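Student: Pasting a structure here, questions to come.
The values are calculated or read from the model by the stated rules, or taken from the named source; none is laboratory data. Remember, it's a predicted structure, so these values are computed and weren't measured experimentally. Here the Cβ positions follow ideal geometry from the backbone for every residue, glycine too, while neighbour counts run over all protein chains shown. Side chains are part of the model used for accessible areas, which takes the heavy atoms of the whole protein and leaves out ligands, DNA and RNA. Shrake-Rupley method; radii C 1.70, N 1.55, O 1.52, S 1.80 Å.
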Amino acid sequence: MAAAVVVPESMPTSKAMKVSSVFEEGNLSVKSFPVESSAVSSKSRPLLVFTPTELNTYPVILFIHGFMCSNTSYRQLLQHIATHGFIVVAPQTNPGIFATVSQEITDAAEVTKWMATELQALLPDNVTANFDNLGVAGHGRGGYVAFCLALGKAETTVNFKALIGIDPVAGVNTLWRSKPDILTYIPRSFDLEIPVGVIGTGLGSQKKNFLLPPCAPEGVNHAEFFNECKPPCCYFLAKEYGHTGMLDDGAAKLGNCACKKGSQPRYLMRKAVAGIVVAFMESYLKNNESDLLAVINNPKSAPITLDPVIYVNA
């Protein structure tokens, strides 16, 4: 039977317990640059790359943006992650309201093929991309696309070692789910042999107003994604924030038109999400679990309220 550790935010914590620094930017300088779609493939769209500039070999994270968003909406989040020693590749899928999920999955798969052969030539001379340690992450519908890639719903030329979904969403409701339909509503049913992290939002399932559906509806949101993950898996609920709380400030204004938002400062949510991604990817791509365990054991080290935090490790 899986061993689950549930850590409520209100649990007393020891002063001697480590407080992780992943919620602040790291010490590495970072360069970001765009790559035009023509350089990737005829089927792809422009992408952004964030890379450390100091001499070293770094794991790579493929990041997929959310529905009706842009890869440029996450600059501060992705910059933060890169400063901790990751190369982040963020493709732009079709941001239009009529874009199909299947096309977004295909586009993201095309980017993985490009990364494996062309990315290295664009990096600083002293930086090496380590594709043996490759992670995939995404927000909202991008989180759903990330799960689809990890589940083999499109052909890629790389193998993912870790997956994290940031408030992933698999459709409008349980009756109108995205295709391919990956949710089974059976616990631990995802056919994944890699560690998975899920970050949820407490307000994502709430309506902004009576005209619009919630951005992350119950039954197709973070809770069900985590329910279907096999161990090792982690779950973090940002209970006081909405679905677009981690976007850059300017981009988030558009998201706020449709998504309920909390009253807490947005920059703290970006720090929290970035820190969790860093800690999770460090554990499974760099074999350094200290930061992840620090966050799990001491949720109050985060700049926002994480409640609950769940870790299933066996």
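Student: Pairs under 6 Å by beta carbon, first residue without any contact (Cβ under 8 Å) to a residue 24 or more places away in the chain in region 111-134, partner surrounded by 13 or more Cβ atoms within 10 Å (Cβ to Cβ), six or more apart or different chains?
Tutor: Gln120/Ala129
Student: Of all residues in region 126-146, which are buried (at least 21 other Cβ atoms within 10 Å of the Cβ) and not in a strand (DSSP E or B)?
Tutor: Residues satisfying the conditions are Gly140, Arg141, Gly142, Gly143, Tyr144, Val145, Ala146.
Student: Filter region 51-68 down to the residues that are more than 14 Å from the chain's Cα centre (by Cα) and more than 18 Å from Met281 (Cα to Cα), then identify the one that is most open to solvent (accessible area, probe 1.4 Å). Before you say what the answer is, go through the steps one by one.
Tutor: Restricting attention to region 51-68, the residues satisfying the condition of being more than 14 Å from the chain's Cα centre (by Cα) are 51-59, 68.
Retained after the next criterion (residues that are more than 18 Å from Met281 (Cα to Cα)): 53-55, 68.
On the way: Thr53: 45, Glu54: 80, Leu55: 135, Met68: 105 Å².
Looking at the filtered set, the residue picked out is Leu55.
Student: Quick check on this structure: which one of Gly142, Gly138 is in contact with a Gly (Cβ under 6 Å, 6 or more places away or on another chain) and either modelled with pLDDT of 90 or more or within 25 Å of Ser283 (Cα to Cα) (or both)?
Tutor: Details: Gly138 fails: in contact with a Gly (Cβ under 6 Å, 6 or more places away or on another chain).
Every option except Gly142 fails the conditions.
Student: Continuing with this model, one more query. From Leu149, Leu163, grab the single residue that is modelled with pLDDT of 95 or more, part of a strand (DSSP E or B) and within 19 Å of Glu110 (Cα to Cα). Break it down into steps so the answer makes sense when it comes.
Tutor: Working: Leu149 fails: part of a strand (DSSP E or B).
When all the criteria are applied, what remains is Leu163.
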